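Novice: Have a look at the structure that comes next, please.
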Amino acid sequence: MSKTRVVVVQTDRTHPKYRKTYKVQKKYYIHDESDASHVGDTVRFREATPLSRLKRRNLVEIVTKAQVI
């Protein structure tokens, strides 16, 4: 999985009865052809034809780079 990245998309949802907000996380496996993204980057991806059992999306662009400490 050298050109695969795991992207976590976190959204806030509200419980219908109790009105409490909670966080829901969804993992997406994306294909990064150029190996340009790293841990902590904010990326944009799109759906594509299936590349493997899990990968169904391609990396479009890196929105912001992670700060290296």
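The values are calculated or read from the model by the stated rules, or taken from the named source; none is laboratory data. Just so you know, these numbers come straight off a predicted model, no measurement behind them. Methodologically, a virtual Cβ is constructed for each residue, glycine included, from the backbone with ideal geometry; neighbour enumeration extends over all protein chains shown. Accessible surface is based on the protein model in full, side chains and every heavy atom, while ligands, DNA and RNA are left aside. Shrake-Rupley method; radii C 1.70, N 1.55, O 1.52, S 1.80 Å.
Novice: DSSP loop (so not H, G, I, E, B), at most 11 other Cβ within 10 Å: list which trypsin sites (Lys or Arg not before Pro) in segment 38-67 pass both filters.
Specialist: 53
Novice: Also: Kindly work out what percent of the DSSP beta bridges joining two residues of the chain are antiparallel, to the nearest 5.
Specialist: Numbers: 17 of 19 bridges.
Antiparallel: roughly 90 percent of the beta bridges in the chain.
Novice: Right, here's the next one. Within the accessible area of the chain, what % is carbon and sulfur when the probe is 1.4 Å and the other protein chains stay in place?
Specialist: Values: 2960 of 5860 Å².
Carbon-and-sulfur percentage of accessible area, whole number: 50.
Novice: Taking 7 Å along the Cα-to-C-beta vector as the label spot, tell me the residue 65-residue 53 distance in nanometres, rounded to one decimal.
Specialist: For residue 65 paired with residue 53, the spin-label model returns 3.6 nm.
Novice: Which whole-percent values make up P(r) of the chain when all C-alpha to C-alpha distances are grouped in 5 Å steps starting at zero?
Specialist: 4, 15, 23, 19, 14, 10, 8, 5, 2, 0
Novice: Say R0 is 30 Å: what FRET efficiency, to the nearest 0.05, do residue 34 and residue 11 get from their beta-carbon distance?
Specialist: On the way: r = 28 Å, r/R0 = 0.94.
Efficiency at R0 = 30 Å is approximately 0.60.
Novice: Follow-up. List the aspartates and glutamates whose Cα sits under 15 Å from the Cα of residue 20, skipping any in the same chain fewer than 8 residues away.
Specialist: Within the straight-line limit of under 15 Å, residue 20 reaches these aspartates and glutamates: 12.
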